[in-house]
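Worksheet for the structure shown next.
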Amino acid sequence: MSADDRTREQTMTSIGFIGTGNMGGPMARNLLKAGFKLSAYDVNADSLKSVVAAGAEAAASPNDAAAASDVVITMLPAGQHVASVYLGDTGIIAAVRPDTLLIDCSTIDVKTARDVARAAQNNGKQVLDAPVSGGTGGAEAATLTFMVGGSSTAFERARPILEKMGRTIIHTGGAGTGQAAKICNNMILGISMIAVGEAFVLAEKLGLEAQRLFDVASKSSGQCWSLTSYCPVPGPVPTSPANRDYKPGFAAELMLKDLLLSQAAAQQTTVDTALGQHAANLYESFVKAGNGGADFSGIIKMIREQRR
C-alpha cells in the first residue's frame with residue numbers, strides 16, 4: 001500500500017475516543033495528526049478542549065462518540081469506569097455496529113478486562129485490552145509501548161492505529177493478558193526503584209558518591225532500567241525526574257494503583273508476591289504523606305528519612 005493509499009484509508013477510518021485526560025489527550029491528538037477522523041468525549045469538558053482544537057468533534061456521551069465509529073478507543077481511570085462504559089444494555093458493546101473494533105487502553109484489573117471481552121464476544125464484537133507504558137512524555141511523543149490482549153485478527157486490525165500513538169506494539173496473547181503484562185511489568189519497576197533508592201541512600205551514609213555508585217552499578221550486575229534510565233538521584237541521568245524536583249514522569253499515585261492491581265491479582269491467583277506487597281505498602285505510605293503527584297522515583301526521599 002502506497003503512502004497516499006494509507007492516508008486515504010486513515011481519513012476514511014473514524015475513531016471514537018473516550019477519555020481525553022493527561023494520557024488520552026495527547027494520544028488522540030497524535031491520531032488526528034496521522035489523518036484519522038475523531039469523535040471525542042470526556043466527562044471533564046476542559047479535557048476535551050485541546051483535542052477539539054486539534055480537529056476532533058466533541059461528542060455528547062460515550063455512546064455518541066462510539067455510535068458511528070469504525071474503531072472505539074477508551075482511556076479511563078479504573079475498572080469500574082471501563083465496566084460502566086462498555087457493559088449493560090446501554091453500554092458501548094450493545095450500541096456499536098457489529099464490525100466496530102473496541103480498544104481499551106486503560107490500566108485496570110484483569111477480571112474486568114476479561115468480563116468486557118466475554119461480553120463483547122457474546123455480542124459478536126471484537127475487543128482488545130491494550131494498556132500502555134511510557135507516561136505522559138511517551139503519549140506526547142507517540143513513543144508508547146502497547147501491551148495488547150485479544151485475538152490475532154483484532155490485533156492486526158488495530159496495529160496500524162496503535163502505531164500512530166506508540167513505538168512498540170506487542171501482542172501478549174488472549175483477553176486480559178495485556179493487563180497482566182502491564183501490572184507484572186510495573187510490579188518489577190516499583191520493586192526495583194525501591195531497591196535502587198535504598199542502595200543510593202546506603203551509599204550516601206557510607207561516604208560513596210552517587211556518581212561513583214552509578215558508574216559501578218550501571219556497568220555491572222546491579223544494572224536495571226530504574227538505575228540507568230530513571231536514576232532517583234540528581235546528576236547521573238540528566239533526563240531523570242530527580243533533576244527537576246521529581247516532577248512526573250510517572251506519578252507515585254499511578255505506581256500505587258498498578259501495585260495494588262498486582263496484589264489483587266496475586267491474591268486471586270494465590271501467588272505469594274512478598275516484595276510486591278512490600279512495595280505497595282511503601283508507595284501507599286509515600287502517597288498518603290502527600291506525594292501522590294510526585295514522580296514515583298521520589299520515594300527515595302522517604303527512604304532517606306526513614307530510620308531503623
The range 128-201 - convex hull of alpha carbons, volume per residue in Å³: 78
Neighbourhood charge, 13 Å Cβ-Cβ cut-off, centred on residue 193 and excluding it, Lys, Arg +1 and Asp, Glu -1: -2
Rounded to 5, percent antiparallel among DSSP beta bridges of the chain: 15
With the 1.4 Å probe rolled over protein heavy atoms, the range 195-308 has an accessible area per residue in Å² of 55
I'd like to check one number: the per residue accessible area of the range 32-79, probe 1.4 Å, reported in Å² as a whole number. 45
Here the relative contact order (percent) of the range 135-229, from C-alpha pairs under 8 Å and at least 6 apart, is 23
Karplus ³J(HN,Hα) for the range 262-275 (6.51 cos²θ - 1.76 cosθ + 1.60, θ = phi - 60°; Hz, whole; x = Gly/Pro) runs 5, 6, 5, 5, 4, 5, 5, 9, 6, 9, 7, 10, 4, 5
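Add +1 for every Lys or Arg and -1 for every Asp or Glu among the other residues with Cβ under 12 Å from the Cβ of residue 40, and state the total.
Its environment carries a net charge of 0.
Excluding residue 280 itself, what net charge comes from residues whose Cβ is under 13 Å from its Cβ, given Lys and Arg +1 and Asp and Glu -1?
Numbers: positive: 257, 288; negative: 253, 258, 284.
Residues close to residue 280 contribute a combined charge of -1.
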Write down the percent of antiparallel bridges among all DSSP beta bridges whose residues are both part of the range 118-206, to the nearest 5. 35
Amide H neighbours of residue 128 under 5 Å, at least 5 residues apart or on other chains, H built in the peptide plane: list them. 102, 103, 104
Once normalised by the length of the range 229-308, the mean sequence separation of its alpha carbon contacts under 8 Å that are 6 or more apart gives a contact order in percent of 38
Hydrodynamic calc, the range 154-308: Kirkwood Rh from Cα pairs, then Stokes-Einstein at 10 °C with viscosity 1.306 mPa s, so D in µm² s⁻¹ is 94
Accessible area of the chain belonging to carbon and sulfur atoms, whole % at 1.4 Å probe: 54
Classify the range 12-73 as rounded, prolate or oblate from the Cα gyration tensor: take a ≥ b ≥ c as the square roots of its eigenvalues, call it rounded if a/c is under 1.5, otherwise prolate when a/b beats b/c and oblate if not. oblate
In nm, spacing of pseudo-spin labels at residue 44 and residue 209 (7 Å Cα→C-beta vector): 4.3
One checks the Cα atoms of the chain and finds Rg and Dmax, in Å, of 20.6, 65
Cα convex hull of the range 259-308 - mean projected area over all directions, nm²: 3.9
Provide the solvent-accessible area of residue 170, counting protein heavy atoms only and rolling a 1.4 Å probe, rounded to the nearest 10 Å². 80
So who's got an amide H within less than 5 Å of the one on residue 169, skipping anything under 5 residues away but keeping other chains? H placed 1.01 Å off N, in plane. 146
Longest exposed-site-free window of the chain, the sites being GluC sites (Glu not before Pro) in a DSSP loop that have at most 14 other C-beta atoms within 10 Å: 1-162
Suppose we look only past 17 Å in the calculated P(r) of the range 62-143. What percent of the Cα-Cα pairs does that tail hold? 43
For every helix of n ≥ 4 consecutive DSSP H residues, a contribution of -39,500 (n - 2.57) applies; sum these over the chain, divide by its total residues, and give [θ] at 222 nm rounded to the nearest 500 deg cm²/dmol. -15000 deg cm²/dmol
Starting from the 7 Å offset along Cα-to-Cβ, what nm value, one decimal, do you get for the label separation of residue 159 and residue 278? 4.2
Taking the Cα centre as origin and putting +1 on Lys and Arg beta-carbons and -1 on Asp and Glu beta-carbons, what dipole magnitude results for the range 211-301, to the nearest 20 debye? 240
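Under unit Cβ charges (Lys, Arg +1; Asp, Glu -1), what dipole magnitude, rounded to 20 debye, does the chain have relative to its Cα centre? Could the numbers behind the result be given before it?
Values: 27 positive and 28 negative charges, 89 e Å.
It comes to approximately 420 debye.
Using alpha-carbon pairs under 8 Å, 6+ residues apart, how would you state the relative contact order of the chain in percent?
On the way: 570 pairs, mean separation 36.9, N = 308.
RCO, the chain: 12 percent.
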Here the range 58-75 yields Karplus 3J(HN,Hα) values (6.51, -1.76, 1.60; θ = phi - 60°; whole Hz; Gly and Pro given as x) of 6, 9, 8, 6, x, 5, 5, 5, 8, 3, 9, 8, 7, 9, 10, 10, 10, 9
Taking H placed 1.01 Å from N in the peptide plane, check which residues at least 5 places from residue 107 or on another chain put their amide H under 5 Å from its amide H. 76
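The values are calculated or read from the model by the stated rules, or taken from the named source; none is laboratory data. Everything numeric here is computed off the predicted structure, so don't read it as measured data. Neighbour counts are summed over all protein chains in view; Cβ atoms, including those assigned to glycine, are modelled from backbone coordinates with ideal geometry. Heads up: the accessible areas ignore ligands, DNA and RNA and are worked out on the full protein's heavy atoms, side chains in. Shrake-Rupley method; radii C 1.70, N 1.55, O 1.52, S 1.80 Å.
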